[in-house]
Amino acid sequence: IKGVSRHQDMKGKGWALSPEDEARDIRLIADMGADGVRTGHYPASTNIYDLCDKAGLIVWSEVPNVNLVWDTPEFRENNRLQAREMIFQHWNHPSICMWGIFNEIARGCHERSGHGS
């Protein structure tokens, strides 16, 4: 897989992208020769998955859990719930072949106190 990580933001628009903006992103990704997309840090819009399905791109979709992992039952259950909801919402997209539960973990797991370094 030759892929990219895609964030849904654009200079001057922030996260307020139109379907046309998203289509442009997918065209650019395909035109550069990539065959995979990681939806960095969170699930993408349904439109992005539809576009990836049509373009034949391989997608890694992720829950919005980045940088820190807390070693608590509450954190684990929240992560499980987010993963289940993400899969339930997008399970019928043939482009998605990987489901991520966390990403870009910069530090080790933190203890229950929540005061890791």
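The values are calculated or read from the model by the stated rules, or taken from the named source; none is laboratory data. Keep in mind the model is a prediction, meaning the values are calculated, not measured. Note: ideal-geometry Cβ built from the backbone for every residue, glycine included; neighbour counts use all protein chains shown. In case anyone asks, the SASA skips ligands and DNA or RNA and just uses the protein heavy atoms, side chains included. Shrake-Rupley method; radii C 1.70, N 1.55, O 1.52, S 1.80 Å.
Would you kindly state the longest site-free stretch of the chain, with sites defined as trypsin sites (Lys or Arg not before Pro) in a DSSP loop (not H, G, I, E, B) surrounded by at most 14 other Cβ atoms within 10 Å?
Maximal segment without exposed cleavage sites: 14-106.
Net charge near Val4: determine it from the other residues with C-beta under 11 Å of the C-beta of Val4, scoring Lys and Arg +1 and Asp and Glu -1.
+1
Going toward the positive end of the dipole of the chain, with +1 on Lys and Arg Cβ and -1 on Asp and Glu Cβ, which of Pro64, Pro19, Asn47 do you reach last?
Of the listed residues, the answer is Pro64.
Specify which labelled value, from (i) 46, 32, 26; (ii) 42, 31, 24; (iii) 50, 33, 27, agrees with Cα extents along the principal axes in Å derived from the coordinates of the model shown.
Here the calculated entry is (i).
Say each of Thr46 and Ser5 gets a label point 7 Å from the Cα, pointing the same way as Cα to Cβ; how far apart are those two points in nm?
Going by the 7 Å Cα→Cβ label model, 2.8 nm.
Report the extension gain between Ala55 and Phe88 in nm, rounded to one decimal, defined as 0.36 nm multiplied by the number of residues separating them, less their alpha carbon distance.
9.7 nm
So how much accessible area does Ser45 have, in Å² to the nearest 10, using a 1.4 Å probe?
So the heavy atoms of Ser45 present about 40 Å² to solvent.
I'd like the FRET efficiency for Arg27 and Arg76, computed as 1/(1 + (r/R0)^6) with the beta carbon distance as r and R0 of 41 Å, rounded to 0.05.
The calculated FRET efficiency here is 0.60.
Taking the stretch 57-98, which chymotrypsin sites (Phe, Trp or Tyr not before Pro) meet the DSSP loop condition and have no more than 11 other C-beta atoms within 10 Å? All intermediate terms of the calculation are to be shown ahead of the outcome.
Details: sites: Trp60, Trp70, Phe75, Phe88, Trp91; in loops: Trp91.
For chymotrypsin sites (Phe, Trp or Tyr not before Pro) across the stretch 57-98 that sit outside H, G, I, E and B with at most 11 neighbouring Cβ atoms in 10 Å, the list reads Trp91.
Using the Cβ atoms and a cut-off under 11 Å, what net charge is assigned to the surroundings of Pro19, where Lys and Arg are +1 and Asp and Glu are -1?
Cβ neighbours under 11 Å give a net charge of -4.
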